[in-house]
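Let me begin by presenting the structure, written as structure tokens, before commenting on it.
The values are calculated or read from the model by the stated rules, or taken from the named source; none is laboratory data. In this text the structure is predicted, and so the values were computed from the model without any measurement. Positions of Cβ are backbone-derived with ideal geometry, glycine not excepted, and every protein chain shown enters the neighbour counts. In case anyone asks, the SASA skips ligands and DNA or RNA and just uses the protein heavy atoms, side chains included. Shrake-Rupley method; radii C 1.70, N 1.55, O 1.52, S 1.80 Å.
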Amino acid sequence: IAGKPIVVSTWDSGTIANSGAWPILQQGGKAIDAVEKAGIAIENNINCCVGLGGNPDRDGRVTLDSCIMDDRFNCGSVAFLERIKHPVSVARKVMETTPHVMLVGEGAQKFAVANGFPLESGKLSAGAQKAYRKWLEKSEYKPVINIENQKPGKDKSAFAPNKLDDGTLNHDTMGTIALDAAGNLSGMCTTSGMGFKMRGRVGDSPIIGAGLYVDNEVGAVTCSGQGEEVIRMCGSHLVVEFMRQGLSPKEACRRAIERIVNRDRARAKDFQVGFIALNRKGEIGAFSVQKGFNYTVTSASINQKIYDAEHFL
Ligand code: SD4
């Protein structure tokens, strides 16, 4: 697959993100605007894993992480952000209007409100309330692999519902990378993080180099899965560096997954990490630890096609 413009997002719920991004790209717009729209689209959707409808932390509060990066190494990020609907747009504001890259918690919220983002109620969505009540029964911290792909009925022990009450699919962290008609790359990542995480926990998704990295000379990479495993390997940056050495996007993703798995093969059976990569030629690739990771591609010739990633184990 090659060509431009093109947008690639994690998971099959990437159709929602790509629907936000594609109109911009199709009209010759910028990748940075397209990926922000992708984030907004998924943050508007009530689901387990992105935005204010997502699963809360152990204290019952939803805390959001997001980052964005353009074709000139400009980047912005927010983490541990509460009661703000569009963290991706706050991240962009951090990028464009502050001397900093990252704002967290109370300070990030204060910055958002000062920039006109409404402070929302903080009430859990119906799906999240139900999942939290269920989690409290055992209060176990055990991430579920590929939670987004569990169909109703499977794995009753999962701490989150397989399908939300309104029928929307569960899915996971949304990472979107795009190449625009002018040949420039950008990316974003947005999430409510691991469900029932410790209060204050921040994953890979808002960390530049872990959950997202963009080097316009080489490519763009984002990922989903167990954030701790991604952070310790600087996952997305690692994939970009492998592409810089001449590897294809898929092979670059595979090599990064291999490094993550080889750290502790026994443990790797119990977590998922999946990368997606796009190089400056518009070639794409993906690889994951476990079976079950997929991604969505939209371009002039590919209409929201969902691909299964190859997996290591
Ligand atoms: C995190 N990477 O917070 C995110 C969540 C995720 O599959 O993608 N889970 O660690």
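The residues of segment 57-75 that are under 15 Å from V202 (Cβ atoms) and open to solvent by less than 10 Å² (accessible area, probe 1.4 Å), listed by number, are D57, T63, L64, D65, S66, C67.
Note on segment 79-100: residues that are in contact with a helix residue (DSSP H, G or I) (Cβ under 7 Å, 6 or more places away or on another chain) and open to solvent by 40 Å² or more (accessible area, probe 1.4 Å) total 4.
Is it fair to say R58 is modelled with pLDDT under 95 and assigned to a loop (DSSP other than H, G, I, E, B)?
Yes: the conditions hold for R58.
Scanning segment 26-55 for residues that are part of a loop (DSSP other than H, G, I, E, B) and closer than 20 Å to G122 by Cα gives N45, I46, N47, C48, C49, V50, G51, L52, G53, G54, N55. Per this entry, K4 is not counted among residues that are farther than 14 Å from T173 by Cβ and in a helix (DSSP H, G or I). Taking segment 185-227 as the range and being of a type in the set (A, V, I, L, M), over 18 Å from E43 (Cα atoms) and away from the ligand (no atom under 12 Å from the Cβ) as the test, the residues that pass are L185, I208, V214, V218, A220, V221.
One residue stands out among those in segment 168-184 that are part of a loop (DSSP other than H, G, I, E, B) and within 14 Å of the ligand (Cβ to nearest atom): the one that is most open to solvent (accessible area, probe 1.4 Å), which is D172.
Each row is one residue, and each column tells you yes or no for (1) modelled with pLDDT of 95 or more; (2) within 20 Å of D172 (Cα to Cα); (3) buried (at least 20 other Cβ atoms within 10 Å of the Cβ).
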site	(1), (2), (3)
G195	no, yes, yes
S205	yes, yes, yes
V214	yes, no, yes
M243	yes, no, yes
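Looking only at segment 25-51, which residues are touching a residue at least 60 places away in the same chain (Cβ under 8 Å) and open to solvent by 40 Å² or more (accessible area, probe 1.4 Å)? So that I can check it myself, show each step before the final result.
Initial filter on segment 25-51 (touching a residue at least 60 places away in the same chain (Cβ under 8 Å)): 25-26, 28-32, 34-36, 38-39, 42-43, 45-51.
Answer for segment 25-51, where residues must be touching a residue at least 60 places away in the same chain (Cβ under 8 Å) and open to solvent by 40 Å² or more (accessible area, probe 1.4 Å): Q26, G28, K30, I46.
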